[in-house]
Every structure is written in C-alpha cells, then in structure tokens.
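One structure is given below, encoded as structure tokens.
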Amino acid sequence: MIKDNLSTLLQSIPDSATLVAVSKTKPVASLLEAYEAGQRDFGENKVQEMVDKASVLPQNIRWHMIGHLQRNKVKYIAPFVSLIHSVDSIRLLKEIDKQGQKNARVIDCLLQVRIAKEETKFGLTFESCNEILEHANCANVRVRGLMGMASFTDNQTQIESEFKSLAHYYKQHQEQYKWDILSMGMSGDYPLALSCGSTMIRVGSRIFGARN
Ligand SMILES: *Cc1c(COP(=O)(O)O)cnc(C)c1O
C-alpha cells in the first residue's frame, strides 16, 4: 500500500524534484516499508520523534526537519539532520551555526517564508529574509534556499499566487546565494507547487494515509 502510493506519486513528478516523505506520527514500520521501496528522504516535525526514529532506522536515511524548531532542541538533531526547512529567525540560524561548529559539520538549511495569508503559520517575511541574508555570517550553516506553505484553502488561484510569490523571490536571489532548493508543495497542492517551480515536495498523507 505505502509502496504503491510511493510509486504512483514518483511517477507523477519529474525526476529533478526531490520527494520528502513526511512520516510524522507514523510508526517505524511504515517508514521501513517506504525505505524498502527505495525512499531515503523523510520529514518529521518534532525533534524527539525524529531522534527516536533515527536511532532505530538505517543510517543512510536523510532526515528533514520540517516543523517549528526551538533553539534549545537544535543540539539533539545537529549531529545527523540532513536539511532544516524551518529556519524562521536569525537567532535560530545562529544556534544551528553553533551546533554545526560543535559537531564539526555544515548544516544545510532553508529559510521558511510566510506566504499564506492565514495568521497561524510560522515563517519570515521577505523583508526579514533580506535582513538575515545580508547580516548572517555563519560558517557552519549553508542556506540552500526557501520553504513555504500555502494557505489551507480550496481556492487554487490563491494557492497559486502564494507559490508564485515565493518562486519569484527565490529566482531573484538564486544566483547571488547559489540556492538550489525551493521546498513547496504537500499532498493537496504539490502538482501546483511543481508547476510554480518547486524542486522539493513534502508529502505525508498521500503516502502513509491520513493522520489521526
Ligand atoms: C505535515 C506537513 C506536510 C505534509 O502534509 P500532507 O498534507 O500530509 O502531505 C508538509 N509540510 C509540513 C511543514 C508539514 O507539517
């Protein structure tokens, strides 16, 4: 079932796009099933859950932190996390840099931009992105691009305009900062995200089934 969902999904997206299988709340057995079907990129939104799963699953999994990250928890994932999608402040970026240094590695990150009109979503404004990019001087962090979540709505026009605003900002800065990752698109909106220029989609329920 998970295997079939994965292969159907992979057939519908271009080879150039990376699929992050969002496994939050799902048991280790489900992740293993996806792993055995060849999936290597997994997304979690809670530090403890990611640490617990990483400790029992194969070492060559690439772990993506996609949820809001508290500074005091960065140290738990710093040794192994592959990409942090959810950098939403300069203080968080500096803490990731510090933990990168402690672990003698450079940690890949994305700046999370608030593109949804809804109030509840985390993320930076384009202005604060500019500020971070101009002032952050971190040797142990590499900002590889941007992440955004569209509004939870059926209005395709609105979702498209939110994705396009992020893609536009991404393209404006891509060359200067050598960005190569634009993370946008989930189960409900990934085809639209890809058509707007997404290079990385984060899909959960369409692979693993609905969450409780
Ligand atoms: C849960 C989550 C997803 C995946 O959502 P689905 O609708 O299950 O595909 C993607 N991105 C983030 C940031 C999430 O928290």
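Read-outs: derived from the displayed coordinates by stated rules, not from any lab. Since this is a predicted model, take the numbers as computed values, not measurements. FYI the Cβ positions are ideal-geometry reconstructions off the backbone, even for glycines, and counts take in every protein chain you see.
What residue among Q70, Q176, N212 has its Cα farthest toward the positive end of the dipole of the chain, where the charges are +1 on Lys, Arg and -1 on Asp, Glu, each on the Cβ? The residue sitting most towards the positive pole is Q70.
Applying 1/(1 + (r/R0)^6) with r as the Cβ-Cβ distance of Q48 and E175 and R0 = 41 angstrom yields a FRET efficiency of 0.60. When shorter helices are ignored and each DSSP H run of at least 4 residues is given -39500 (n - 2.57), the per-residue value for the chain at 222 nm works out to -12000 deg cm²/dmol. When only the Cβ of Lys, Arg, Asp and Glu is charged (+1, +1, -1, -1), the dipole of segment 110-212 relative to its Cα centre reaches about 360 debye.
Just how far, in whole angstrom, is segment 113-142 from segment 19-72 if you go by their alpha carbon centroids? Taking the Cα centre of segment 113-142 as reference, the centre of segment 19-72 is 24 Å away. The charge dipole of segment 2-208, taken about its Cα centre with unit charges on the Cβ atoms of Lys, Arg (+1), Asp and Glu (-1) only, comes to about 660 debye. Taking packing as the residue-averaged number of other Cβ atoms within 10 angstrom, the listed peptides 67-74, 181-188 run from highest to lowest as 181-188, 67-74. Label sites at H168 and E118, each approximated as a point 7 angstrom past Cα along Cα to Cβ, lie 2.3 nm apart. Projecting the Cα atoms of I2, S187, S165 onto the charge dipole of segment 2-208 (Cβ charges, centred on the Cα centre) puts I2 farthest toward the positive pole. Along the axis of the charge dipole computed for the chain (Cβ charges of +1 for Lys and Arg, -1 for Asp and Glu, origin at the Cα centre), the listed residues C196, S23, I107 are led at the positive end by I107.
Think of each Lys and Arg Cβ as +1 and each Asp and Glu Cβ as -1; about the Cα centre, that makes the dipole of segment 1-81 roughly 420 debye. Cross-link pairs exceeding 20 Å between alpha carbons, from the set K24/K164; K117/K164; K73/K98: K24/K164. Would you please state the base-10 log of I(q)/I(0) at q = 0.08, 0.12 1/Å for segment 2-208, with intensities from the Debye formula using one equal scatterer on every alpha carbon? With no solvent term, the Cα-only Debye profile gives -0.25, -0.59.
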